[in-house]
Amino acid sequence: MKNDVIVVGAGGAGLVAALHAAQAGAKVRVLTKDYPTRSQTCMAQGGINAVLSHSKDDSVEAHIQNTLKSAHGLASPEAVKLLCENAPEAVEWLDSIGVQFSRTFDAKIAQRRLGGASGDRACYAQDYTGLKILHTLYDKVLASPNIEIDSERYLLSIIKTDDGKAVAGVAVLNKRTGEQEHYFASSVILATGGYARIYNTYSTNSIGSTGDGCAVAIHAGARLSDMEFVQFHPTALKNSSILISESARGAGGHLLNSKGERFVNELLPRDEVARAINDEMAKGEDIYLDIRHLGEKFIDEELPQERKLAQLYEGIDPVFDLIPIKPVAHYTMGGIEVDENSMTNIQGLFAVGECANHRVHGANRLGGNSLLELIVFGREAAVNAAKLAKNNTLKTPSLAKNDQWILKNYNANPEIDFYKVREELGDIFYENVGISREKHKLQMSLERVKEHISNLDKMGVVDSSKIYNTNLIEFLEFKNMLELARLVLNGALDRDESRGAHYRQDFPHEDEKYAKHTIVDFNGVVA
């Protein structure tokens, strides 16, 4: 099937890219392994950063400086400037297409302060910001005559031209039929999300955040960068890892230990707050988020989702009770290396959103910038992808359908249960590759990951059915996570310093010689 632009992924980044590519005149096809409304964008609760005309005591320059400071020297000043300067227009665009932002008494878009920000900058829709943005985008995509969506397509590989120099499309597995399908286009935009599900249940992410786009991209010859930087959100529910939005702290919530003591400024950047909580927990303290003093009326108006989540998953009511919390893996700053046009080193292959590294987050993402990134760079990627497709005549590659690769994943009598390995991987990563790291634990974890990789032929898919074979999809996802786990560990071992979300107990300070990006291709470190 020929298209001008293929977008893989239908979260916020993918839908923004699809809309702008179609607006630029391209015929667009969106492929997604689940359904758009299940994307991780739904979990972005706190807000989207922008200095609006009515913003008080704030400036675009302050937004730029807050972002650069949070990134600890690993963000591109040019990319950050583009992000922050385009923020007001991005929010105005969302407002114009119908996103239901919360409002002030004089009908202006309401804003609040998130961690690391010097002003009330996050535009929000109660604590459902990402959800409301996503649903609005999805409505617009469904109404577009130039966009087709094919759901339940799992990304298998990037198809390249016969000379191997440019992208020609993608191969996917149709989950409904079990058949491989090929889609061709001059431009492909990967918007497949991050890889925080490596941490298994110790993550705020949905089960689909398995890094498929990153894994497929590096196998195709693209580069990944800064994979060792994984942000831990300070406040997830203790028993379920369900996210409690930073907006709860931005509204005035307090972090307390078992003694009822506040031990950290709740609005410091996330890496600092997460480490402070981790230190308290190491002392044997339980940690709680306290929003009782905000009052039931405020909580129901501004933080309704947080109350519902606490009631549902912890059996407590935050109007009257302390919320038990812990830090868990939340956002992956690393991803597919892209240039100023959002394109990889493969001609026509673009990436955007959490799967990409636009060098705006560096070592630690500023809260409220992830939704902004997908709006600003989703448009940039789309315009550039549409332009390339318009000026390029695609020659369909000589391609034979290959089901043998899929068949090799089947194993009627596996010696090793990969589900148990997946669970072990999550435990290892949370314990050894989490908020605090040290060399011998990283080395031990890497050896264990390599051992699992070498044992892949002893694992496999027991279910031989073709229709909705979740066993197969989960094994493919597991193999992707295992490969990315190796890259995360290599990066963490090579960075003998502490910087942002990467904290090494054995090297507790930043070292100027490591103020550079870790860039890898399939064969290893390239820069």
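Observations, loosely collected:
- Cleavage-rule hits, chymotrypsin sites (Phe, Trp or Tyr not before Pro), the stretch 264-328, DSSP coil, Cβ neighbours within 10 Å at most 10: Phe320
- Cα gyration tensor shape for the stretch 134-203, rounded if a/c is under 1.5, else prolate or oblate: oblate
- Euclidean distance of C-alpha centroids, the stretch 458-527 and the stretch 295-356, integer Å: 21 Å
- The charge dipole of the chain, taken about its Cα centre with unit charges on the Cβ of Lys, Arg, Asp and Glu (plus for the first two, minus for the last two), comes to roughly 960 debye.
- Calculated FRET value between Tyr410 and Asp150, using beta carbons and R₀ = 25 Å, to 0.05: 0.50
- Listed residue (Gly284, Asn265, Ser241) projecting farthest to the positive dipole end of the stretch 232-328, Cβ model: Gly284
- Sparse-neighbourhood loop sites, GluC sites (Glu not before Pro) in the stretch 41-116 - DSSP loop, at most 11 other Cβ within 10 angstrom: none
- Theoretical FRET efficiency, 1/(1+(r/R0)^6), r = Cβ-Cβ of Glu61 and Glu92, R0 22 Å, to 0.05: 0.65
- Each 5 Å bin from 0 upward holds the following percent of the Cα-Cα pairs of the stretch 333-377: 5, 25, 34, 22, 10, 3, 1.
- Listed peptides 464-472, 479-487 by packing density, highest first (mean Cβ within 10 Å): 479-487, 464-472
- Whole-number D in µm²/s for the stretch 232-328 (Stokes-Einstein; Kirkwood sum over Cα pairs; 10 °C, 1.306 mPa s): 122 µm²/s
- Assigned charges on the beta-carbon of Lys, Arg, Asp, Glu; the stretch 404-525 dipole about Cα centre (debye): 220 debye
- Overall shape of the stretch 1-135 was characterised from the C-alpha gyration tensor. The equivalent ellipsoid obtained from it has semi-axes of 28, 19, 14 Å, in decreasing order.
- In the chain, helical runs assigned H by DSSP with n ≥ 4 each contribute -39500 (n - 2.57); averaged across all residues and rounded to the nearest 500, the mean residue ellipticity at 222 nm is -11000 deg cm²/dmol.
- Taking amide H positions as modeled 1.01 Å from N, with prolines and chain starts lacking one, the residues under 5 Å from Val461 and 5 or more places away or on another chain are Tyr410, Asn411.
- Loop-resident sites, the stretch 323-398, for GluC sites (Glu not before Pro), counting at most 13 other Cβ within 10 Å (DSSP): Glu340
- The chain: relative contact order as a whole-number percent, Cα under 8 Å and 6+ apart: 22 percent
- Ratio of Rg to Rh over the chain (Cα coordinates, Kirkwood Rh, two decimals): 0.95
- Those residues of the stretch 14-39 whose amide nitrogen sits under 16 Å from the label point placed on Asp139, 7 Å along Cα→Cβ: 16, 37
- For the stretch 404-525, the Kirkwood hydrodynamic radius comes to 16.0 Å, computed from all pairs of different C-alpha atoms.
- Size of the stretch 281-346 as Cα extents on the principal axes (Å, biggest first): 55, 36, 20
- Counting 0.36 nm for each residue step from Val462 to Glu261 and taking away their Cα separation leaves a gain of 67.2 nm.
- Where labels lie 7 Å past Cα in the beta-carbon direction, separation of Glu296 and Thr393 in nm: 7.2 nm
No value in this document is a laboratory result; all are computed from the given coordinates. Note that this is a predicted model, so its numbers are computed, not measured. No Cβ is skipped: glycine too gets one built from the backbone with ideal geometry, and neighbour counts run over all protein chains shown.
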